[in-house]
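A quick write-up on the structure given underneath.
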Amino acid sequence: MHSNYLKEYIIDYVEIYTPMAKVLAYWHAHALGFTVTAYANVDTGQPGVSSYVCRSGNICLVLTSAYPTLNQAVNSDIASFISKHYCGVKRFALQVSSVTEMFRSSVGKGAFPVTYPRKLEDQEGTIEEASVKLFDDSEIVFINRENYRGSFRPGYKSLLHQGRMEDPLLLSVDHIASEVRINESSCWSEYLTNAISTSLVQTFQPSAENNTGMILNINQSFDKKLTLVIAEPDTYLHKSKVQMNLQTYGPGIHHLAFLTGDMIDTIRILSDRGVEFINFPVSYYDLLRKNDEFDEFDIDSLQRHGILIDKEDNTYLLQKFVKPLSDRPFFFYEIVQRVNGYNGFALKNINVLKKAEEIEIMKL
């Protein structure tokens with residue numbers, strides 16, 4: 001247990017490498033309601049790199065791209081990641097009280113070191129950070145910014161009022177979902193337990209209740225503030241969506257889920273701004289209407305807004321999926337609302353959707 005250095009699990013930021021950071025930052029600001037608070041580029045002393053810090057509620061996303069300059073080639077770390085994954089999460093950072101001790105403990109328990117403890121300084125103070133490996137090309141960063149007064153970190157400058165000045169629609173990171181190769185999910189769950197003391201709280205093996213084509217491992221911190229979902233194909237005998245994703249882009253973080261306080265209002269506002277969402281078969285809602293569990297819900301309203309629902313006792317989850325970022329078809333955002341303390345992960349929803357797809361196919 002890293003309790004001395006990681007008393008609570010606060011995601012400091014999530015960094016996405018993307019071919020065009022400035023365009024993506026604009027979309028986050030004007031479509032999703034994020035505020036761009038800081039940037040880094042040649043003007044801040046980082047030639048060949050373009051990076052924007054976008055905030056909404058407790059969410060901090062850093063969007064980063066690279067380009068060649070007259071005197072230097074394109075940044076190899078960023079370019080290599082983009083060439084393999086196109087647009088995706090490179091790293092997420094956890095706030096810790098002691099970077100050195102957290103790193104030493106994590107590596108001592110089996111984590112693979114990437115960046116050794118270091119200090120970054122400017123006129124606004126000092127940031128300490130280190131990182132360990134995650135999957136093939138991602139990282140978990142340990143960061144301490146207690147002695148830093150700047151907007152983000154050294155090398156970045158503040159931006160004022162770049163975005164919509166309004167109450168945030170998206171409040172926090174609900175979970176981080178990844179896809180890995182066959183037989184890897186258990187290995188990575190154990191790795192996370194050793195590296196950052198999360199626990200494997202649920203696993204879904206193939207069964208009558210799980211015919212999704214996936215094995216799912218749910219890894220969570222003791223305070224439930226960090227949830228990491230890991231999926232792997234349940235067989236190599238047929239091509240599942242997960243297997244196709246892996247063959248095209250390799251293992252890594254597949255999507256980020258953001259929490260909202262009012263799903264219908266959020267979807268209405270985002271739709272008015274031109275945000276595109278993933279649609280689901282009409283048969284999905286027909287199946288809900290036939291299920292007595294959902295008698296109390298306005299299924300017509302859910303269908304009109306294209307919202308999925310999952311219920312456990314008197315708690316329920318509302319879900320909506322934003323269409324993939326940029327042109328990569330397998331990295332996207334999920335929006336969720338948890339009502340009455342729902343703490344599941346909508347496995348039943350996947351099965352209902354699968355049955356709905358089968359109904360739609362039978363109509364052809």
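The values are calculated or read from the model by the stated rules, or taken from the named source; none is laboratory data. This is a predicted model, so every value here is computed, not measured. Please note: Cβ atoms are built from the backbone with ideal geometry, for glycine as well, and neighbour counts cover all protein chains shown. Just so you know, the surface numbers come from the protein's heavy atoms only, side chains and all, with ligands and any DNA or RNA stripped out. Shrake-Rupley method; radii C 1.70, N 1.55, O 1.52, S 1.80 Å.
Count the net charge of all other residues whose Cβ sits under 15 Å from the Cβ of Val89, scoring Lys and Arg as +1 and Asp and Glu as -1.
Neighbour charge sum, excluding Val89 itself: -4.
Among Lys225/Lys323; Lys7/Lys224; Lys22/Lys157, which pairs are too far apart, with a Cα-Cα distance over 19 Å?
Result: Lys225/Lys323 exceed 19 Å.
For helix 76-85, what angle does its Cα long axis make with the longest principal axis of the chain, in degrees from 0 to 90 and rounded to 10?
10 degrees
State the percentage of accessible surface on region 25-166 attributable to carbon and sulfur atoms; use a 1.4 Å probe and exclude ligands, DNA and RNA.
In region 25-166, the share of accessible area belonging to carbon and sulfur is 49 percent.
Under the rule that an exposed site lies in a DSSP loop and has at most 15 other Cβ atoms within 10 Å, name the longest stretch of the chain with no GluC sites (Glu not before Pro) of that kind, not counting the sites themselves.
Between exposed loop sites, the widest span is 9-145.
At 1.4 Å probe size, with every protein chain present, just tell me what the per residue accessible area of region 30-154 comes to in Å².
In whole numbers, region 30-154 has 42 Å² accessible per residue.
Roughly how tilted is helix 99-108, in degrees to the nearest 10 and between 0 and 90, from the longest Cα axis of the chain?
With both axes taken from Cα atoms, the answer is about 60 degrees.
Using amide H atoms built in the peptide plane, which far-off residues or other-chain residues are under 5 Å from Tyr13 H to H?
Ala93
Considering the chain as a Gaussian network with a 10 Å cut-off on Cα pairs, which listed residue, Phe294, Phe92, Phe277, attains the greatest mean-square fluctuation?
Among Phe294, Phe92, Phe277, the largest GNM mean-square fluctuation belongs to Phe294.
What residues qualify as long-range amide H neighbours of Lys225, i.e. H under 5 Å apart, gap of 5 or more or another chain, H built at 1.01 Å from N?
Long-range HN contacts for Lys225: Tyr9.
Give the carbon-plus-sulfur fraction of the accessible surface of region 227-282 in %, rounded to a whole number; probe 1.4 Å, heavy atoms of protein chains only.
About 54 percent, which is the carbon plus sulfur part of the accessible surface.
Please work out the average accessible area per residue across region 201-299, using the 1.4 Å probe convention, and give it in Å².
Per-residue accessible area for region 201-299 comes out at 50 Å².
What is the chain's relative contact order, in percent, from Cα pairs under 8 angstrom and six or more apart in sequence?
15 percent
Hey, what number do you get for the chain at 222 nm if only DSSP H runs of n ≥ 4 count, each worth -39500 (n - 2.57), divided across all residues, to the nearest 500?
Helices in the chain give a 222 nm mean residue ellipticity of -7500 deg cm²/dmol.
Which trypsin sites (Lys or Arg not before Pro) from region 300-347 combine a DSSP loop assignment with at most 16 other Cβ atoms within 10 Å?
Here no trypsin sites (Lys or Arg not before Pro) fit, given the DSSP loop and packing criteria.
In the neighborhood of Arg328, defined by Cβ-to-Cβ distances under 15 Å, what is the net charge if each Lys or Arg adds +1 and each Asp or Glu adds -1?
0
Quick check: the angle from helix 263-272's long axis to the longest principal axis of the chain, C-alpha only, nearest 10 degrees?
70 degrees
Could you put Asp136, Asp298 in order of accessible surface area, largest first, with the 1.4 Å probe and the full protein assembly present?
Asp298, Asp136
Amide H of Val114 versus every other amide H placed in the peptide plane: which residues, excluding those fewer than 5 positions away on the same chain, fall under 5 Å?
Under 5 Å from the amide H of Val114: Ser131, Val132, Lys133.
Using a cut-off of 15 Å between beta-carbons, work out the net charge of the residues near Asp122 (Lys and Arg +1, Asp and Glu -1, Asp122 not included).
Taking every other residue near Asp122 into account, the sum is +1.
Applying the Karplus parametrisation 6.51 cos²θ - 1.76 cosθ + 1.60 with θ = phi - 60° to the phi angles of region 148-153, what ³J(HN,Hα) value in whole Hz is obtained for each residue in order, glycine and proline being reported as x?
In residue order, the calculated couplings are 10, 9, x, 6, 9, 6 Hz.
With the chain treated as a Gaussian network of Cα nodes joined by springs under 10 Å, which of Gln247, Gln220, Gln303 yields the largest mean-square fluctuation?
Gln247
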